[in-house]
Amino acid sequence: MNRYIFVYILYIGLALTTLEAQTFTAKATPSTVGLGQRFKVTFTVSGATQVGRPNIPSFDNFVALGGPSQSQNVAFSNGQMSSSIGWTYVLQPKKKGTFTIKSATIKVADKTLKTDPLTIEVVDAPQKPQSNNRNVNPYANQTPDQQPTDVKELVKENVFAKAFVNKSNVYQGEQLTVIYKIYIRAAEFSSLELEEAPKYEGFWAEDISIDQLNYTPETYDGKQYYSAIVKKAILFPQKSGELTVPSLKLKSEVYVKVQSNNRPRNPFDLFFSRPQYATAEYSFASASHKINVKPLPTTGKPANFSGAVGSFSFETSFDKTETETTDPVTMTIKVKGKGNLKTLTLPEPFFPPDFEVYDPKTSDKYSASSGSVQGSKSADYLVVPMNPGEYKVEPLTFSYFDPSKGRYQTLNSPDYTLTITGDPQQGSTIASTGTQKEDVKLLGEDIRFIKSDLSSVRKKGEGFFGSPSFFLLYLSPLFLFFGLLWRKRKKDEEAKDVVGMKKRKATQMAQKRLATAQGHMQNGKEKEFYDEVIRAIWGYLSDKLTIGQAELSRDNIRELLTQKGIQPTTLKRLTDLLDTCEIALFAPTMVSGGMDATYNESLQFISDLEDEIVQSEKGESKS
Amino acid sequence: MKQYTDILIRLPLICLSLILLIPIGLYAHEIEGGFQKGNQAYKDGKFDDAISHYTTLVVQGYESFELYYNLANAHYKLGHIAPSILYYEKALKIEPSNADAQFNLKLANLKVVDKIPQKPVFVLSKWWNSIISSKSSDQWATWAIILIWFAAAFGGLFLYSETSRMKRILFFSGIPLVFLSVCILLLSIQKRSIEHTDSYGIIYSTNTYIKSAPEQDAKDLFMLHEGGKVKIREQLDEWTQIELPDGKVGWMSSKALKGI
């Protein structure tokens, strides 16, 4: 290219010598061109060094392939300095015919300069490559069908595409980068486009946009090429197994330098022959790559693992930790780092039921420009506290798989304590059963009034039950009852004993009395004697028969003695004895036998009666 | 012999008369002044003062239904939910059937956040519970004593009654009385053991986490709020194992709880 610029400058230089200062001209070289041929249009302002941009007309019937390229030239001629600035466009006609390029204008020091319109004649493309004598027509142009067969071969040799992946053995979800590169040597692309966008099946892909092709020299297979990245993408395998990174299919039109078929016409040509160019349409593709995707290990997989693969940091924050009821709090959960940010899920916070939790606002911020997907994913939870108190927010855990280390990592957020003040808002319960109807009725009521008098007061721990006074009070009626019972028994027993004693000692008592009577007899006291004998007999009977002295009478004694089975003769003896004594008391003279006989009879009688009673009692007990 | 018998009979009577001579409100005169000061403050709307008057007496170790009831009322008026519930419960422990305390407790419970559903109870045991909980152990004991005295009186009359008809009437009414008294005594013992073993507590902090084990790092099972009544099952260092009426069990810090 530089070669030709030199020529243009030469032209401009020539022009300058003839033109006066401050002119604006347009020139087409050549003005007659073949279809498909390139030509140049140059707008030149001379005599001015400080100019703005020219107002260039549109090239309606031509395709602008390049330009404007600006050139400046300063020349001295005949001791005069002249300068010129030129703008050059490379154009290609679209169709045959004669076309006009309209005037261009430029402002130079308050003046507007204007070029003359240019007329371009477009004719059929010449049959033969342009000869080398016209250096303004640099590229030989040939239609494909007229191309020599080796042009395609030549293109194939010199143009190809390759795909590079940075890893061929990855974990599921681990990011890998694919780069598609084109290589070219001894040729130029006149056009290059994707034939088909690659379909990354089984991957989630993040394209990295390529603004422009940046050719850099690169040696490949021992040959020098210019290479450029045409497409770059970051891929995240979504399933395990063998996945294919597709090939990139490209369509291009290539100018390729060809060796002239013509034999050199003369020796001069041998030295000055220029390389010739051919244009060729060429479709080519990179190879596809197989990627082995390993499944994530199951050992050591945390329970809360949600598919994050890469390397991340995890943070949570609250906009405030002290607030009032119904005043909302925002909790932010954020994961930062490299990896499959788009597909990972953030851990969800757990709030006590005293909080109303609204759906989170999530945002993804990541870029793939640096060759890997990195950035952050965050979620904002708006929560409204309903009840006062100190609430702990459970620490959250975020787990991811770190492919570089080949194991799972778990990150924990710190504990937070929310301090809520204010009035409780009803309705939050651990197992709400709702307010009952009767409760609602009670809501408007007030508590009942205080008690004004004390009824009973005790010291703490002094319960009545179990106290000594309790036992005393409970057991004393029992004692009382049994005491009464005992006393009654005792009395009864005593009473019984008196009777027995009397009965047992009846004879003894009678003999004692009779002994007293004997004393009276010896003293001659007749009255006392009989009196004593009667008392002895009656006393004996009273004791023996257990009858009170007052109840004694002859009739009931006879009755009782008959009951006891006493012989009637013995009863007759008793009657006689009693009669004798009573008569002796009132009429002592009528008594026969005197005191001695009565004394002996009464002794004998008591002894006999005793025997008879004992015998009859024995008989009774026997029968 | 006769002297001993007399003493045996007279001793219970002497004891009884001594006990009856002691007024039931043994310490009533000691706290009357403080109690009335509290009442006056309450009537004047100075609930803070009322609380301090009543609390002084409580701290000194006096127990009385009216004292607890009035203190609970004063706390309620100031919106202290947990203390008011605690003292209503304490008052009801002394007089389980008091309608005023029951009503006020119900009102106070409306302000508790947690509504814990009751575990369904077998009808018969519900009926039994309602009987046994209607009176305190002391109240049951008093009834047992009254009945045994009646029984003893009937027994005494039985001993000294002359006619067999009278004896029969006294015997067949005295024996059931003894039986009933012993039953009520057993009820009192049962109630006493319930009062001792079934201790309850009121949640004092505004909210507290109930944990699965008695340690700070244990998992949080659920949360309870101020005023909730829980059954205390076990105590271990700083931790108390509690049970809710619906059967949920967990551990909580003992500091957040006050026993009734």
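Miscellaneous remarks
- When the stretch A:527-540 is filtered for residues that are in contact with a Leu (Cβ under 9 Å, 6 or more places away or on another chain) and touching a residue at least 24 places away in the same chain (Cβ under 8 Å), the ones remaining, listed by number, are A:Lys527, A:Tyr530, A:Asp531, A:Val533, A:Ile534, A:Ala536, A:Ile537, A:Tyr540.
- Residues of the stretch B:211-256 satisfying the condition of being closer than 22 Å to A:Val393 by Cβ and in a strand (DSSP E or B): B:Lys211, B:Asp220, B:Leu221, B:Phe222, B:Met223, B:Leu224, B:His225, B:Gly250, B:Trp251, B:Met252, B:Ser253
- Test: residue in the stretch A:177-188 that is under 29 Å from A:Pro295 (Cβ atoms), part of a loop (DSSP other than H, G, I, E, B) and either in contact with a Lys or Arg (Cβ under 8 Å, 6 or more places away or on another chain) or not small (Gly, Ala, Ser) (or both): no
Residue-by-condition table, conditions (1) away from chain A (no Cβ under 12 Å); (2) touching a helix residue (DSSP H, G or I) at 6+ places or on another chain (Cβ under 8 Å); (3) of a type outside the set (A, V, I, L, M, F, W, C):
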site: B:Leu187; (1), (2), (3): no, yes, no
site: B:His196; (1), (2), (3): no, no, yes
site: B:Gln216; (1), (2), (3): no, no, yes
site: B:Glu234; (1), (2), (3): yes, no, yes
site: B:Ile242; (1), (2), (3): yes, no, no
site: B:Pro245; (1), (2), (3): no, no, yes
site: B:Gly259; (1), (2), (3): yes, no, yes
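- Verdict on B:Ser181 being in a helix (DSSP H, G or I) and closer than 30 Å to B:Gly228 by Cα: no
- Residue, farthest from A:Thr419 (Cα to Cα), within the stretch B:204-219, restricted to residues that are exposed (fewer than 15 other Cβ atoms within 10 Å of the Cβ) and of a type in the set (D, E, K, R): B:Glu215
- Condition check for A:Asp327: more than 19 Å from the chain's Cα centre (by Cα) and not in a strand (DSSP E or B): yes
- Yes/no for A:Glu532 being surrounded by 13 or more Cβ atoms within 10 Å (Cβ to Cβ) and either modelled with pLDDT of 85 or more or assigned to a helix (DSSP H, G or I) (or both): yes
Let's see how each residue does on (1) within 7 Å of chain A (Cβ to nearest Cβ); (2) surrounded by fewer than 22 Cβ atoms within 10 Å (Cβ to Cβ); (3) at pLDDT 90 or above; (4) over 25 Å from B:Glu195 (Cα atoms):
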{"site": "B:Leu20", "(1), (2), (3), (4)": "no, yes, no, yes"}
{"site": "B:Ala28", "(1), (2), (3), (4)": "yes, yes, no, no"}
{"site": "B:Ser84", "(1), (2), (3), (4)": "no, no, yes, no"}
{"site": "B:Lys111", "(1), (2), (3), (4)": "no, yes, no, yes"}
{"site": "B:Lys115", "(1), (2), (3), (4)": "yes, yes, no, no"}
{"site": "B:Lys119", "(1), (2), (3), (4)": "no, yes, no, no"}
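- Filtered by the rule that a residue be more than 7 Å from every other protein chain (Cβ to nearest Cβ) and under 20 Å from B:His196 (Cα atoms), the stretch A:448-464 gives A:Gly461, A:Glu462.
- Pick from the stretch B:220-258, criterion surrounded by 14 or more Cβ atoms within 10 Å (Cβ to Cβ) and acidic (Asp, Glu), ranking: nearest to the chain's Cα centre (by Cα): B:Glu243
- Residue satisfying all of: in the stretch A:377-390; more than 7 Å from chain B (Cβ to nearest Cβ) and farther than 22 Å from A:Leu346 by Cα; surrounded by the most Cβ atoms within 10 Å (Cβ to Cβ) among these: A:Pro385
- Residue selected from the stretch A:84-116 under the condition loosely packed, with under 13 Cβ neighbours inside 10 Å and among the polar types (S, T, N, Q), by the criterion nearest to A:Ser71 (Cα to Cα): A:Thr112
- Options B:Gly174, B:Gly201: the member that is at pLDDT 85 or above and away from every other protein chain (no Cβ under 14 Å): B:Gly201
- Positions within the stretch A:168-193 being under 47 Å from the mean Cα position of the chain (by Cα) and surrounded by fewer than 15 Cβ atoms within 10 Å (Cβ to Cβ), in sequence order: A:Ser168, A:Asn169
- All positions within the stretch B:129-177 that are surrounded by fewer than 13 Cβ atoms within 10 Å (Cβ to Cβ) and in a loop (DSSP other than H, G, I, E, B): B:Ser134, B:Glu162, B:Thr163
- Within the stretch B:64-75, the residues that satisfy the criterion of being facing another protein chain (nearest Cβ under 8 Å) and of a type in the set (Ser, Thr, Tyr) are B:Ser64, B:Tyr69.
- Residue check: A:Ala584 meets all listed conditions (1) in a loop (DSSP other than H, G, I, E, B); (2) surrounded by 17 or more Cβ atoms within 10 Å (Cβ to Cβ) but one, namely (1).
- B:Tyr209 being within 12 Å of chain A (Cβ to nearest Cβ), over 22 Å from the mean Cα position of the chain (by Cα) and within 30 Å of B:Ala91 (Cα to Cα): yes
- Residues of the stretch A:387-422 satisfying the condition of being of a type in the set (A, V, I, L, M), part of a strand (DSSP E or B) and under 28 Å from B:Thr206 (Cα atoms): A:Val393, A:Leu418, A:Ile420
- Subset tally (residues that are more than 14 Å from chain A (Cβ to nearest Cβ) and touching a residue at least 24 places away in the same chain (Cβ under 8 Å)) for the stretch B:132-164: 2
- Residue among B:Leu78, B:Leu105, B:Leu57 that alone is more than 7 Å from every other protein chain (Cβ to nearest Cβ) and surrounded by fewer than 16 Cβ atoms within 10 Å (Cβ to Cβ): B:Leu78
- Restricting A:Lys232, A:Lys251, A:Lys239 to residues that are buried (at least 19 other Cβ atoms within 10 Å of the Cβ) and either modelled with pLDDT under 85 or not acidic (Asp, Glu) (or both) narrows the list to A:Lys232.
- Looking only at the stretch A:465-500, and only at residues there that are more than 30 Å from B:Ser188 (Cβ to Cβ) and of a type in the set (Gly, Ala, Ser), the one that is nearest to the other protein chains (Cβ to nearest Cβ): A:Ala495
The values are calculated or read from the model by the stated rules, or taken from the named source; none is laboratory data. Just so it is clear, the structure is predicted and the values come from calculations on it, not from any experiment. Backbone-built Cβ (ideal geometry, glycine too); neighbour counts: all protein chains shown.
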